[in-house]
Every structure is written in structure tokens, then in C-alpha cells.
Amino acid sequence: MRPLLAAVAAALTPARPLRVDDEAGTLDLASQLPGGEPVLVLVREDAGTITCYGRVPVDVPPERAADVTLLAASLTTDLFTTCVEAGSPAGTVLVRGALALGPLVPVPDGRPVLHPDVLGALLLAVVEDVESTVERVLDAVEDVVAGTRTPSEAAHDVRTADLDALVLQVEALEGD
């Protein structure tokens, strides 16, 4: 197994079940995604990067693809550590997050530069960010596919949901 792929697998194994595809350089990681799909973890040895993909469990019909692409672009402008991608492959919406290790990649003989616990914690932070972003955008994607909200309305609702939740928490505290 390639050094970075082996290090990623070793770092994530204590946290979640996974399946390694050494030939493709990927792992299917058990997830908290709606629908129970795994998070795809793509390890690029040469670039020293690990990219995590979570699929939003909504099939996008061709006639709604343009609106969903607009939604994805609008949502991504407000995200700091993830992005929403639409249409690759056709009919899908993915959330992507990445970790670039650069000089922290394991050396060619496989010795880790980062302790496996540190690498595991960093990777789980990316995975959990992808999972939470999928959950945050799921209703918006469903509504745009159904035609019940425009891409801009749905994106606005995603943007303001965190603020709305915070206002409710403050009001609850004030009521005590």
C-alpha cells in the first residue's frame, strides 16, 4: 500500500469502519450522511492531499441541473472549508473538503511525520465538516429539485439557518 494511503487508513481505522481500494487510492469511510452512504476519501500521494466527498442524497433530473448548479455556486461562496459541487457525475450533488499535508506527508519508507492520532483528528474534522455541510444543504437541494424554491431563496435559507438557530437559543436563555 502506498505510504500516504496507508497512513490515512491507519489514522481513520480506530474512529470508523472503512474499506480501502489501494489501486484507486481511495477509502470508503462509514459516515453520518443521510442515507448512510460512505464518505469517499481520495488520497493523492504525489500532491500530498486528502480530499473527502459526501454525496447529497438527491438525484437531480436534467431539467433541474442548471438551477441546482446555481444553488451550488451560491452556497459555496459562503463556505470556508467545504464546497458544493453539482453535476459531476451528472445528476449528483457533492460536498468536498480537503486537507493538504505538503511536507507532513509520510516519507517514502512509510514512516509518518504526523502522529497517527493527530492525522486522524485532522481528517475526522474534514470528514465531519463534509457531513455537516451535506446535512445543511440537503433541504435546499431537495426544494430546488422539486421547484418549490429558487436557488437564491434556498441559498438564503441555508445562510440564515445558523443565525436563526442562534436567535432561538438566545431567546430561550432570556426566558429562563
Checklist entry - Magnitude of the Cβ-charge dipole of segment 39-176, K/R +1 and D/E -1, about the Cα centre, nearest 20 debye? => result 640
Next on the checklist: In segment 34-72, whose amide N lies under 19 Å from the spot 7 Å out along Cα-to-Cβ of residue 18? List them in ranges.
Outcome noted: 36-55
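With the convex hull built on the Cα atoms of segment 122-167, state its orientation-averaged projected area in nm². Spell out each step's value before the answer.
Values: hull surface 14.9 nm².
Over every viewing direction, the Cα hull of segment 122-167 projects on average to 3.7 nm².
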Checklist entry - Once Lys and Arg get +1 and Asp and Glu get -1 on their Cβ, which of 68, 14, 92 lies farthest toward the positive end of the dipole of segment 1-133? => result 14
Checklist entry - Where a ≥ b ≥ c are the square roots of the eigenvalues of the C-alpha gyration tensor, would you call segment 52-154 rounded, which needs a/c under 1.5, or, failing that, prolate if a/b is larger than b/c, or oblate? => result prolate
Checklist outcome for this item: Taking placed amide H atoms and a strict 5 Å upper bound, the residues 5 or more places from residue 32 or on another chain that come that close are none
Item to check | Residue-normalised accessible area of the chain, expressed per residue, 1.4 Å probe, Å² | outcome: 53
Checklist entry - Can you name the helices of the chain, as whole DSSP H runs, whose Cα span along the helix axis is 30 Å or more and whose Kyte-Doolittle mean is not below -0.5? => result 116-146, 151-175
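Dividing the alpha-carbon Rg of segment 100-176 by 2.2 N^0.38 Å yields what? List each step's numbers first, then the result.
Numbers: Rg = 19.9 Å, N = 77, 2.2 N^0.38 = 11.5 Å.
With N residues counted in segment 100-176, Rg over 2.2 N^0.38 Å equals 1.73.
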Item to check | Over the chain, volume per residue of the alpha carbon convex hull, in Å³ | outcome: 142
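Can you give the calculated 222 nm mean residue ellipticity of the chain, where each DSSP H run of n ≥ 4 adds -39,500 (n - 2.57) and the sum is split over every residue, rounded to the nearest 500 deg cm²/dmol? If you can, show how the numbers build up before the last one.
On the way: 4 runs with 78 residues, N = 176.
The helix-only estimate for the chain comes to -15000 deg cm²/dmol at 222 nm.
The values are calculated or read from the model by the stated rules, or taken from the named source; none is laboratory data. Note that the structure is predicted; figures quoted are calculated from it, not measured. Counting neighbours? That spans all protein chains shown, and the Cβs are built from the backbone with ideal geometry, glycine included. Ligands, DNA and RNA are excluded from the accessible area calculation, which covers all protein heavy atoms including side chains. Shrake-Rupley method; radii C 1.70, N 1.55, O 1.52, S 1.80 Å.
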